[in-house]
1. Before we move on, is Ala22 modelled with pLDDT of 90 or more, assigned to a helix (DSSP H, G or I) and under 11 Å from the mean Cα position of the chain (by Cα)?
2. Looking only at residues in region 25-46 that are assigned to a loop (DSSP other than H, G, I, E, B) and more than 10 Å from the chain's Cα centre (by Cα), which one is farthest from Arg61 (Cα to Cα)?
3. Of everything in region 25-70, what is of a type in the set (A, V, I, L, M) and at pLDDT 90 or above? Give them in sequence order.
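The values are calculated or read from the model by the stated rules, or taken from the named source; none is laboratory data. Keep in mind that this is a model prediction, so the values were computed, not measured. Accessible surface areas use protein heavy atoms only, side chains included; no ligands, DNA or RNA. Shrake-Rupley method; radii C 1.70, N 1.55, O 1.52, S 1.80 Å.
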Amino acid sequence: MSTPLFWLQQWRQSHDLTQGAAARLFNVHWVTYAKWELGQKPLTGTALRLAQVLQEPQGMRAAEKVNSHP
């Protein structure tokens with residue numbers, strides 16, 4: 001089992017996002033996102049890079065813009 005990703009949970013909470021809303025930003029099922037936070041599934045590849053980008057203010061603003069379009 002991986003180490004819980006407390007930073008990912010802190011990031012989500014700092015943006016007032018539910019796990020479901022955060023999962024939509026990553027284009028994954030909420031259960032997958034929850035497993036990342038709990039350390040039950042590793043955050044790798046594209047998802048890891050996206051997490052790094054979203055930690056930056058401009059990355060989150062871009063995600064909000066993209067996510068607001070149907």
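1. Yes.
2. If we take residues in region 25-46 being assigned to a loop (DSSP other than H, G, I, E, B) and more than 10 Å from the chain's Cα centre (by Cα), then Gln40 is farthest from Arg61 (Cα to Cα).
3. Correct list: Val28, Val31, Ala34, Leu38.
This table checks each residue for (1) on the phi > 0 side of the Ramachandran plot; (2) acidic (Asp, Glu); (3) open to solvent by 50 Å² or more (accessible area, probe 1.4 Å).
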| site | (1), (2), (3) |
| --- | --- |
| Phe6 | no, no, yes |
| Trp11 | no, no, no |
| His15 | no, no, yes |
| Thr18 | no, no, yes |
| Ala22 | no, no, no |
| Leu25 | no, no, no |
| Val31 | no, no, yes |
| Ala34 | no, no, no |
| Glu37 | no, yes, no |
